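In what follows, a single structure is set out as structure tokens and then discussed.
Coordinate-derived values only; no laboratory data. From a predicted model like this one, the values you see are computed outputs, not experimental measurements. Cβ placement follows ideal geometry from the backbone for every residue including glycine, while neighbour counts extend to all protein chains displayed.
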Amino acid sequence: MTRADPRREELAANLATVRERIATACRAAGRSPDDVTLTVVTKFFPADDVRLLAGLGVRHVGENRHQEAQAKAADCADLDLTWHFIGGLQSNKAAAVAGYASVVESVDRERLLRPLSRGAAEHGRVVDVLVQVDLDPSGGGPGRAGILPQQAPALAAHVAATEGLRLRGVMAVAPLGADPVPAFRRLADVAAEVRALEPAASWISAGMSGDLEAAVESGATHVRIGSAVLGSRPTGR
Ligand SMILES: *Cc1c(COP(=O)(O)O)cnc(C)c1O
């Protein structure tokens, strides 16, 4: 990697823009930029990009598919990175995800807790867990990810009571094609209920490339940014 690597320059410029957007949104909301953690979503992009991002100061990376995430995490094992698993999780993969992910943001059913706990024990780690909430007002359909808002506190209580898992808060994706503001406000309400169960569960992971400002305004502590840093993905993932 020479200093003139054009991909490095591109990622550096995109990162600067995203960090400025976060800082501006924080200022507008009267919050400190230090209160918002940037997780760069590297799905579909190669481990070389992850390596460049680490060199540019990125510490948190997100992936949504187990096989791809596992391979990249192994490839980048020498880097000081925290891996966030943010995708749909199958219970037969959950234990393996705990092998590389310090944070699992997409826990949306009780059935995942036992294998995650077992994986955490096998790998000698405590896994930070976010409960994924479905913010679609229609209540979600087939293929939707996340638990209904009214069911989130009960699932969170199960997480808090599970060995090897640390309840950290909630995560959500804004509903497709709708105003994200009311959705993120609803998420903030759910987050407050979860925090009442466990004071350390103060994380709110919300906001992607297109809606990070609305998320920060509603109290997001973590934003998950893919295309605004890495460019557009080959397909609509
Ligand atoms: C892909 C993805 C993101 C990043 O989306 P961008 O619009 O590319 O920033 C964030 N969160 C989840 C759950 C994702 O799957």
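Results, tabulated for the structure shown:
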| item | result |
| --- | --- |
| Segment 149-201, relative contact order in percent, only Cα pairs under 8 angstrom and at least six apart counted | 46 |
| Cα coordinate range in the chain, projected on the principal axes (Å, largest first) | 52, 42, 33 |
| Mean Cα-pair separation over length for the chain, i.e. relative contact order, pairs under 8 Å, 6 or more apart, % | 19 |
| Net charge of Cβ neighbours under 10 Å - reference residue 84; Lys, Arg +1; Asp, Glu -1 | -2 |
| Separation in nanometres of the label points that stand 7 Å from Cα toward Cβ, at residue 20 and residue 138 | 3.8 |
| Gain in span if fully extended, residue 9 to residue 80, counting 0.36 nm per residue against the direct Cα distance | 23.5 nm |
| Pair residue 125, residue 102: separation of 7 Å Cα→Cβ label points (nm) | 0.8 |
| Spatial separation of Cα centroids for segment 41-57 and segment 135-196, in angstrom | 28 |
| Length added when fully stretched, residue 202-residue 186, from 0.36 nm per residue minus Cα-Cα | 4.2 nm |
| Label-to-label distance, nm, for residues given as residue 148 and residue 32 (7 Å Cα→Cβ offset) | 4.0 |
| Within the chain, helix-based [θ] at 222 nm, where runs of 4 or more DSSP H residues each add -39,500 (n - 2.57), nearest 500 | -12000 deg cm²/dmol |
